[in-house]
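Down below is the structure, laid out as structure tokens.
Throughout, read-outs are computed from the coordinates displayed, never taken from laboratory work. Note that the structure is predicted; figures quoted are calculated from it, not measured. Glycine also receives a Cβ, built like all others from the backbone with ideal geometry; neighbour counts cover every protein chain displayed.
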Amino acid sequence: KQEVTQIPAALSVPEGENLVLNCSFTDSAIYNLQWFRQDPGKGLTSLLLIQSSQREQTSGRLNASLDKSSGRSTLYIAASQPGDSATYLCAVRRQNYGQNFVFGPGTRLSVLP
Amino acid sequence: GAVVSQHPSRVICKSGTSVKIECRSLDFQATTMFWYRQFPKQSLMLMATSNEGSKATYEQGVEKDKFLINHASLTLSTLTVTSAHPEDSSFYICSATRSTGQNTEAFFGQGTRLTVV
């Protein structure tokens, strides 16, 4: 059974810092991994999607890496801003049909001005 | 902009009544949509897979008679919580997958906060 964990559970940093969020999964047989952002009481916003054959994806100040063999992904946020405050979820997808997402519990990030 | 729209964003209902939540894919057709439930400070749990033109597939432990799913068109799936009880209060989120070439990406609705009083 696929299990996804995220460390840390919560993180508070001053504005401007670079930070790394970690995601681990137990079964390396994944189709892709996706990082999402969730603001309180809101739905999910897709940040980055990494296919199993890829090692990293970048979008603006965000960079996500994937090491499928070790079951790890990291989300790097450069020059953090207060607007980055949210919960960040990683989710792994096992198959290319259906959805079969397994979500991690999330990391609650607070960026202090 | 949003590619999956969910409505309503918030609903309060009395115990014993039914509530319908709509999920629409805005600029693509989705033969399959997905319904998730999220309890406070917990992650999302898949409830069911909604299939256009056929019956939904429910995850283990999810009551199909309580959570009725209808996927009548390629852009609309509805989740009806029947005879709602306070323990059904939760955050419900729908999702649809859009294919681009050989890759597929999931998009989520804004979520619906259901409170049963």
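How about segment A:12-112: which strands (runs of 3 or more DSSP E) wholly inside it have at least 1 residues that are small (G, A, S)?
A:19-25, A:44-51, A:56-59, A:62-67, A:72-77, A:86-93, A:107-112
Just to be sure, is A:L89 within 14 Å of chain B (Cβ to nearest Cβ), under 21 Å from B:S43 (Cα atoms) and free of Cβ contacts under 8 Å to residues at least 40 places away in the same chain?
no
Please work out which residue is nearest to B:L44 (Cα to Cα), limiting yourself to segment B:80-117 and to residues that are away from chain A (no Cβ under 14 Å) and outside any loop (DSSP other than H, G, I, E, B).
This residue is B:D88.
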